[in-house]
1. Quick one: which of G35, G19, G47 is among the small types (G, A, S) and under 24 Å from D135 (Cβ atoms)?
2. Looking only at segment 110-144, count every residue that is surrounded by fewer than 19 Cβ atoms within 10 Å (Cβ to Cβ), without any contact (Cβ under 8 Å) to a residue 40 or more places away in the chain and more than 19 Å from V7 (Cβ to Cβ) and tell me the total.
3. May I ask you to list the residues in segment 17-44 that are more than 10 Å from the chain's Cα centre (by Cα) and within 26 Å of P136 (Cβ to Cβ)?
4. Any chance you could count how many residues in segment 1-37 are of a type in the set (S, T, Y) and open to solvent by less than 50 Å² (accessible area, probe 1.4 Å)?
5. Which residues, taken from segment 74-121, are out of contact with any Lys or Arg (no Cβ under 9 Å at 6 or more places or on another chain) and of a type in the set (D, E)?
6. Consider segment 76-106. How many of its residues are free of Cβ contacts under 8 Å to residues at least 40 places away in the same chain and farther than 22 Å from V5 by Cα?
7. With G80, G64, G47 as the choices, which residue is small (G, A, S), over 19 Å from the mean Cα position of the chain (by Cα) and exposed (fewer than 14 other Cβ atoms within 10 Å of the Cβ)?
8. Test of understanding: among S91, S57, which residue is of a type in the set (S, T, Y), open to solvent by less than 50 Å² (accessible area, probe 1.4 Å) and within 30 Å of W39 (Cβ to Cβ)?
Amino acid sequence: MAHGVQVVFDCRDPSVLAGFYAEVLHYKLQDPPEGLDTWEEWLESKGIPKEDWNSASAIVDPAGKGPRIYFQQMDTPKLGKNRLHIDVTASSGSRVSAQERKKQVNTEVDRLLSLGAAKQREVEETGEYCVVMLDPEGNEFCVQ
């Protein structure tokens, strides 16, 4: 039996982080249940108070290949380095020169900076190049 995978982020602001990662990964916000035009309609129909409407959000791969990513609101602060992180593949890998790969990565880094990411550091070792970045809530992710 095959098992699906969902990645879950604990965060302060699910709608902000969902919007950010939808842009980063070229995903989209998950559509509301069939028969409803908006998630607000669903939340109202379930009697969920408006102050709780930003308690969760999800994004999905429009091509249906990547995992669903779920963002759930938590009050606990981020205490240290992530134990798990996302790698965003922005280069053509070994099919291009190291210089071209670095250029492709840096082009994507510039796009992500414009979305609200922060650049933490560049890593160049054994012919590999990646940039460690921070999302709007300080979670690490890499662009390679």
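1. Criteria check complete, one pass: G19.
2. 15
3. K28, L29, Q30, D31, P32, T38, W39, E40, W42, L43
4. Summing the residues that are of a type in the set (S, T, Y) and open to solvent by less than 50 Å² (accessible area, probe 1.4 Å) in segment 1-37 gives 2.
5. Once the filter is applied, which keeps residues that are out of contact with any Lys or Arg (no Cβ under 9 Å at 6 or more places or on another chain) and of a type in the set (D, E), segment 74-121 yields D87, E100, E108, D110.
6. 18
7. Of G80, G64, G47, the one residue that is small (G, A, S), over 19 Å from the mean Cα position of the chain (by Cα) and exposed (fewer than 14 other Cβ atoms within 10 Å of the Cβ) is G47.
8. Matching residue, one of S91, S57: S57.
The values are calculated or read from the model by the stated rules, or taken from the named source; none is laboratory data. Here the structure is a predicted model, which is why all the values come from computation and not from measurement. Don't worry about glycine lacking a Cβ; one is built from the backbone with ideal geometry, like all the others, and counts go over all protein chains shown. Ligands, DNA and RNA are excluded from the accessible area calculation, which covers all protein heavy atoms including side chains. Shrake-Rupley method; radii C 1.70, N 1.55, O 1.52, S 1.80 Å.
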